[in-house]
C-alpha cells in the first residue's frame, strides 16, 4: 500500500490473493514490484509464472529484504525455502542481480547469505552503511524489578493521566519481553494506570496472532490508533512504522543482532528522536574495575622500587 501511495504499481502475492485473476495478469504485464515470500516463490501456483517468458523478461532484480532471516530462519525444520533461493537463478539466469538487504549482518550471516544466494559467479558489490543513527539515544541499565517490569517504564508515560489526555499524548513504544505471559502482565498493569478511554491503545503482539491480526496491529500502530505494543520476538518483519519513540528490551537478548534489529525500529523517519533502552539483570554487568589492574601495584616497575630506596 505504501508503494502504491508513491505511484508504484505494486502487488502482493500470497494465499489470500492467488485466487484473484487480475493479480497474475498484472504480474505478467504492468506490475513494477511484486512482494512474496520464499515459500510462494517455489509454490506450484507460481511455477507457471516462472515459465512465462514475458514475465521473466520483465524481471530486473530479485530483492531479498530482511536477508538476515536467510541465516536465522532458513533451516530444515523452519522455513527451509530461505536456503533455496539460489535455485531461482535457474529461471532468471546470472544476468538478473540478486540484491540482499540485511539491517544486521555478522560475518557468519554474510557467509550464509553469500552461499545461499549463489554469489561469486558474477561481479559482487557490497555496501556497509553502518548502524550509526544520529537520532537515536541508547541506554543500558540494570533491570531493578524483574518480577514487576511495569515499574521500569512508568516514566515513559505522561506524568498526569486524566480524562483530558489524548492518544497523541502517549508516545509510540515497542516493549519486548521473553514470554507472552509477561506481555499480558504488563498490559494489564498499564491499562489499570491509564484512563478508560485510552486503555485499548495498548495491545500484545505474539506468534498467536493470525496473519490478518498482525497486519491490523501494525496498521493501527502506524496510524496512531495503537500507541504501545508489548511483544515477543514475533514482532519483527512488518513493522514499517516511521515514528516510534521508545524501543525497550527487557532481559538479555539472544544476540547483539537481535538488539540491533529491535532498536532499528525506533525513529525510522530519521526525524523522531528515538530512545532505545536495554534492561538486563544485574549479573550481566561486569563489576567495577579495580583501581589497580594488579594485586600489588608497586611490583609493576622494578626501577620505581630502586628509586624509592628498595634493594
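The values are calculated or read from the model by the stated rules, or taken from the named source; none is laboratory data. What you see is a predicted model; the values in this text were computed from it and never measured. When we count neighbours, we look across all protein chains shown, and the Cβ atoms used for this are built from the backbone with ideal geometry, even at glycine.
Pairs are defined by a Cβ separation below 7 Å, a sequence spacing of at least 6 or placement on different chains, a first member in the stretch 272-301 that is outside the structural domain of residue 174 (by TED's automatic domain parsing) and part of a loop (DSSP other than H, G, I, E, B), and a second member that is at pLDDT below 90 and loosely packed, with under 10 Cβ neighbours inside 10 Å; the pairs so defined are 300/294. With respect to being in the same structural domain as residue 20 (by TED's automatic domain parsing) and either touching a residue at least 60 places away in the same chain (Cβ under 8 Å) or closer than 29 Å to residue 240 by Cα (or both), residue 47 falls outside the description.
Selection over the stretch 210-232 of residues that are part of a loop (DSSP other than H, G, I, E, B) and either in contact (Cβ under 8 Å) with a residue 60 or more places away in the chain or surrounded by 17 or more Cβ atoms within 10 Å (Cβ to Cβ) (or both) gives a count of 3. Of the strands (runs of 3 or more DSSP E) lying entirely inside the stretch 1-86, not one carries at least 2 residues that are modelled with pLDDT under 90. Out of curiosity, is residue 80 under 30 Å from residue 114 (Cβ atoms) and out of contact with any strand residue (DSSP E or B) (no Cβ under 9 Å at 6 or more places or on another chain)? Yes, satisfied.
Taking the listed residues 131, 112, 104, 92, the one that is touching a residue at least 60 places away in the same chain (Cβ under 8 Å) and surrounded by 13 or more Cβ atoms within 10 Å (Cβ to Cβ) is 104, with no other qualifying. From the list 23, 62, the one residue that fits, being surrounded by 12 or more Cβ atoms within 10 Å (Cβ to Cβ), in contact with a helix residue (DSSP H, G or I) (Cβ under 8 Å, 6 or more places away or on another chain) and free of Cβ contacts under 8 Å to residues at least 40 places away in the same chain, is 62. So in the stretch 276-311, with the set limited to residues that are closer than 17 Å to residue 139 by Cβ and out of contact with any helix residue (DSSP H, G or I) (no Cβ under 8 Å at 6 or more places or on another chain), which one is modelled with the lowest pLDDT? Filtering first and then ranking leaves 285.
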